[in-house]
Amino acid sequence: MLKRGLEGVIVAETAIGDVDGQRGQLLYRGYNAANLAETKSFEEVAFLLLYGELPTSEDLSAFSAELKEKRILPKSLETLMHSLPYSLSIMDALRTCVSSLNSTATWPPTKAEAIQLIALFPTIIAFWVRHSKGEAVPTPDPTLSHVDHYFYLLTGGKPEPAQSAALTAYLVLTMEHGMNASTFAARVVSSTESDLPSAICGALGAMKGPLHGGAPTGVLQLLKDVQTASDDPEFVLRKKLDAGEKLMGFGHRVYKTYDPRAVALRNVLQKSGGDQHVLQDAVHLEALITKLLAEYKPGRKLHVNVEYYAAAVMDALALDSDWFTPTFCVSRIVGWSAHVLEQAADNRIFRPSQTYVGGVR
Ligand SMILES: CC(C)(COP(=O)(O)OP(=O)(O)OC[C@H]1O[C@@H](n2cnc3c(N)ncnc32)[C@H](O)[C@@H]1OP(=O)(O)O)[C@@H](O)C(=O)NCCC(=O)NCCS
């Protein structure tokens, strides 16, 4: 029987993470991701997802050092980016850079290759952001952690502790999320015994779509539409829903209750001491939208998803909306890599079936 969008179809066994859509719980290797986001660094959680265990202090030092060493942009990528048209989006530039790495990778993929990509993503993104605006890229600072270094490369400044905590929480909470479209794409490509960069190019292509990684930009637009309208917010939202518009930042294929990542991010933002006025507006609007969705789409169980508060984090950090989806990739490259490594360890090529409805002539 056809399952549109493969809804409910099990395509793999995994020990990496579990998304419990009914209870609103996300596990990374058995640990509650919301707790990890408040207590662990990017490096610790990335290590956990790749290796299956939280790092010892020696593991962590070695892993952090490897990330720092590998985050220096190779000359070949710098030359490549200089040859690209400025009009290319960050996602296209990132995918092109990853694609150019293919010649060095083989089957089966290795953790060293994965760490190389995890380390390079922030550098590639920040280089393209700066370069395409004709700005110089800051000199790498080996004293900064993975997350702080990304912020520094993008903005030229070091984050305040509250900003660092918010960005870390966002990146940890979005590292892994089960069999979403981009992760599935990565596993499908990898299942042909193709190399890691090719699998990641597939994932990046899937992530670029507005129904997946592109959502935070839509959330900001939604918030702007509501804030700048002369009519009251409920009227504006009803008009959108009457026109059949989807409200970005709400609904999820798996979560039929609150997305735990959204709740965790809201908590971190509330504690972080940032602009609480903006946050309160977002919380108020969330309640209104949830009420309206229950009225317009009864029984669909549409709640806030991670993208809604991701937009608030990006706003609090004053990150440009064009950087949202690439920033999502800075974290999700960890999950993609872990899945590709897992797929390769027990591989069978994906080859689903179809129902022919074209008739015979
Ligand atoms: C995430 C999403 C793609 C999940 O899609 P899905 O599981 O295929 O669910 P559907 O699109 O079939 O939605 C089921 C119903 O709820 C409606 N719906 C789902 N999300 C909605 C939203 N954000 N606003 C308004 N209506 C929505 C659909 O129109 C559909 O209505 P219908 O039954 O009358 O046709 C979808 O909820 C969406 O597009 N949300 C907005 C984009 C977003 O926030 N993406 C980030 C996800 S982390």
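Name the one entry in L237, L285, L241, L220 that is touching a Leu at 6+ places or on another chain (Cβ under 8 Å), within 17 Å of N305 (Cα to Cα) and either free of Cβ contacts under 8 Å to residues at least 12 places away in the same chain or of a type in the set (A, V, I, L, M, F, W, C) (or both).
L285
Checking the conditions here, which among I124, I72 is open to solvent by less than 30 Å² (accessible area, probe 1.4 Å) and either touching a Leu at 6+ places or on another chain (Cβ under 6 Å) or farther than 15 Å from V334 by Cα (or both)?
I124
Kindly list the number of the only condition in (1) surrounded by 15 or more Cβ atoms within 10 Å (Cβ to Cβ); (2) within 20 Å of the chain's Cα centre (by Cα) that fails for A12.
Every listed condition holds for A12 apart from (2).
So which residues in the stretch 262-286 are within 16 Å of the ligand (Cβ to nearest atom) and open to solvent by 60 Å² or more (accessible area, probe 1.4 Å)?
Hits for the stretch 262-286: nothing passes.
Listed residues D232, D225, D141; which is open to solvent by less than 30 Å² (accessible area, probe 1.4 Å) and more than 24 Å from P260 (Cβ to Cβ)?
Just a single option satisfies the conditions, and that option is D141.
Of the residues that sit in the stretch 320-342 and are surrounded by fewer than 23 Cβ atoms within 10 Å (Cβ to Cβ) and not polar (S, T, N, Q), which one is farthest from the ligand (Cβ to nearest atom)?
Applying the filter and picking the extreme gives L341.
So L84 fits all but one of (1) more than 30 Å from N32 (Cβ to Cβ); (2) over 22 Å from the mean Cα position of the chain (by Cα); (3) modelled with pLDDT of 95 or more; (4) open to solvent by 40 Å² or more (accessible area, probe 1.4 Å); what number is the exception?
(4)
Quick one: which helices (runs of 4 or more DSSP H) sit completely within the stretch 20-121 and have at least 2 residues that are of a type outside the set (F, W, Y) and either in the same structural domain as S272 (by TED's automatic domain parsing) or touching a strand residue (DSSP E or B) at 6+ places or on another chain (Cβ under 9 Å) (or both)?
Per the criteria, 33-39, 42-51.
If we keep just the residues of the stretch 239-259 that are within 12 Å of the ligand (Cβ to nearest atom) and outside any loop (DSSP other than H, G, I, E, B), which is surrounded by the fewest Cβ atoms within 10 Å (Cβ to Cβ)?
Among those that are within 12 Å of the ligand (Cβ to nearest atom) and outside any loop (DSSP other than H, G, I, E, B), it is D242.
Within the stretch 318-361, work out how many residues are part of a loop (DSSP other than H, G, I, E, B) and more than 30 Å from L222 (Cα to Cα).
Qualifying residue count, the stretch 318-361: 16.
Would you check if I90 is closer than 30 Å to T104 by Cβ, open to solvent by less than 60 Å² (accessible area, probe 1.4 Å), away from the ligand (no atom under 16 Å from the Cβ) and among the β-branched types (V, I, T)?
Spelling it out, I90 is indeed closer than 30 Å to T104 by Cβ, open to solvent by less than 60 Å² (accessible area, probe 1.4 Å), away from the ligand (no atom under 16 Å from the Cβ) and among the β-branched types (V, I, T).
So, in the stretch 183-193, how many residues would count as being within 15 Å of V98 (Cα to Cα) and open to solvent by 30 Å² or more (accessible area, probe 1.4 Å)?
1
Go through the stretch 156-177 and give me each residue that's open to solvent by 10 Å² or more (accessible area, probe 1.4 Å) and either in contact (Cβ under 8 Å) with a residue 24 or more places away in the chain or within 22 Å of Q25 (Cβ to Cβ) (or both).
P159, A162, Q163, A165, T168, H177
Taking the stated definitions as given, is L293 at pLDDT 95 or above, within 14 Å of the ligand (Cβ to nearest atom) and outside any helix (DSSP H, G or I)?
No: the conditions fail for L293.
In the stretch 1-30, how many residues are charged (D, E, K, R) and away from the ligand (no atom under 16 Å from the Cβ)?
Residues that pass the stated criteria total 4.
Only one residue in A165, A206 is within 16 Å of the ligand (Cβ to nearest atom), of a type in the set (G, A, S) and within 20 Å of the chain's Cα centre (by Cα), so which one is that?
From the options A165, A206, the qualifying one is A206.
The values are calculated or read from the model by the stated rules, or taken from the named source; none is laboratory data. Remember, predicted model here, so these are calculated numbers, not experimental data. All Cβ positions, glycine included, derive from the backbone under ideal geometry; neighbour counts span all protein chains shown. We work out accessible area using only protein heavy atoms, side chains counted, and drop any ligands, DNA or RNA first. Shrake-Rupley method; radii C 1.70, N 1.55, O 1.52, S 1.80 Å.
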